[in-house]
1. Do any helices (runs of 4 or more DSSP H) lying entirely in the stretch 349-422 carry at least 2 residues that are farther than 30 Å from H175 by Cα and of a type outside the set (S, T, Y), and which ones are they?
2. If we scan the stretch 26-44, do we find a residue that is in contact with a Ser or Thr (Cβ under 9 Å, 6 or more places away or on another chain), of a type outside the set (V, I, T) and within 19 Å of R143 (Cβ to Cβ)?
3. Against the condition assigned to a strand (DSSP E or B), of a type in the set (A, V, I, L, M), closer than 25 Å to D173 by Cβ and touching a residue at least 40 places away in the same chain (Cβ under 8 Å), how does V339 come out, does it pass?
4. Can you pull out every residue in the stretch 318-335 that is modelled with pLDDT under 90 and either in a helix (DSSP H, G or I) or in contact with a helix residue (DSSP H, G or I) (Cβ under 9 Å, 6 or more places away or on another chain) (or both)?
5. Report, by residue number, each residue of the stretch 29-66 that is touching a residue at least 24 places away in the same chain (Cβ under 8 Å) and among the β-branched types (V, I, T).
6. Go through the stretch 115-155 and tell me which strands (runs of 3 or more DSSP E), entirely inside it, have 1 or more residues that are under 21 Å from K85 (Cα atoms) and modelled with pLDDT under 90.
7. Taking the options D160, D173, name whichever one is surrounded by fewer than 18 Cβ atoms within 10 Å (Cβ to Cβ), closer than 30 Å to T78 by Cβ, modelled with pLDDT of 50 or more and not assigned by TED's automatic domain parsing to the domain that holds E91.
Amino acid sequence: MREESLVYRFLSPRNLLALMAGFCLYYGAVLHNPSILAIGASSMAALVLAAWRSSRLLRDVNVTRKHITRTFEGQHVTISLLIEKEEARRESLVLVEDTFSPGTPYKMRHLIEQSVDSGTELKLSFEGECVHKRGLYTLGPIRFEAWDPMGLMKREHLVDEFTPMLVYPSAPDLHEFEVLGDGTLAHVGQESTPRAGKSTEFTGLRQYRHGDSPNTIHWRSTARLGDLMVKEFQEDMTTEVTIFLDLGRLGLTGLGDQTSVEYAIKAASSVSRRAIEKTHIVQVYAVGEEVEHIPPGRGTRQLHTILDRLAFLKPEGESDFVNKVAYYVPLLKAGGTAVIIVSATTLDPEAVHSLLDAMQRRNIMPVVTLIDDRAFIKLYREQEERHLEAMSLEDAARYLALQGARVHVVTKAKSPAQALVQGLDREFVSHA
């Protein structure tokens, strides 16, 4: 293929015409033949004219790129290019090449079939798939190619049009995953449970009880019934969901897009999406050498905040994951849910026992997602010893379940999204 390309370039019309012009001018002068000289001069004039025409190509072409600025891994994105031409020159055989760094093909090419006249506005659309993993990508530059009318000379023009695209970790839609389950307090830990309390929505009347505010007394009903009656209002109890994400260096196994940490970050993304869809307050602690905290919030804006931060997280440094999580347990609201996403071999049974006990004393429901890091390629020498000493995946899951945690197990699969759905939508059940 490369040899064919080199041969084609050498035998291009421009090179052949230049060779003929040189040949005719030389032999016409040697032979004193006016006809051969005229052919050589005409060929040379054609080359000079083509070079002059090509030098004026694409000098007045402007382009603007438009696309969504945020998307997910694996999603298809449409990129639109608005091309504007100002000066009164017609150009044809224009090739547009754009750079799409998050996916394949990396270069997207399009030949504009019609002639580009002055005052023309053309809109081109490409579609690219974001096959590379989460992160910030820059699209651009845009390259144009155009040929002179005789097809002899090519001109290239590079437009420095750069636009950012933030690729979020994929967040597979979970249908069976109960973010909060039955919870640990009455009316708390359920999926946004309405109950009688203080709000603006009136639910009914009941008899006065000691401690009720005098402001809630319904005097008309009290006068009619001869007994103190108070008004009740609906109170919406929304539980706080806290996600603890293991980002220690030794928790990282695997290469490229198939790593234990990428699975963990995708799990955090899906759980955040599920919890926010259920109207819960969500916060995230990314636990590595340092702890990065995404403060609690709710709604679409909070989901975007979480996904923005998850797109840039990376494992680094030493991390005593369980002890660091234990430090933050006293700061959590009672009655909430803690979702712990951790590499399976990170767990120390004694430390985990104390951690889960501390959560349950504060009426916090622990939900543990174990990432099967043994299924990925080991990157550090210390991991070999650590993997040998740690509990098996089955034993670790069984131990956590016996300690009162809801357990989900995520194992490596060809499709990470499918692995997450299978692991998170199904609670671990011991086969022993």
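The values are calculated or read from the model by the stated rules, or taken from the named source; none is laboratory data. Everything quoted here is computed from the prediction, not taken from an experiment. Reconstructed Cβ throughout: ideal geometry from the backbone, glycine too, with neighbour counts over all protein chains shown.
1. Counting at least 2 such residues, we get 349-361, 381-389.
2. no
3. Answer is yes for this residue.
4. E318, S319, D320
5. Matches in the stretch 29-66: V61, V63, T64.
6. Qualifying strands (runs of 3 or more DSSP E): 121-129, 142-147.
7. From the options D160, D173, the qualifying one is D173.
Per-residue answers, yes or no, for (1) assigned by TED's automatic domain parsing to the domain that holds V342; (2) out of contact with any helix residue (DSSP H, G or I) (no Cβ under 7 Å at 6 or more places or on another chain); (3) of a type in the set (D, E):
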position	(1), (2), (3)
A375	yes, yes, no
Q383	yes, no, no
L388	yes, yes, no
S392	yes, yes, no
D395	yes, yes, yes
Y399	yes, no, no
H408	yes, no, no
T411	yes, no, no
S415	yes, yes, no
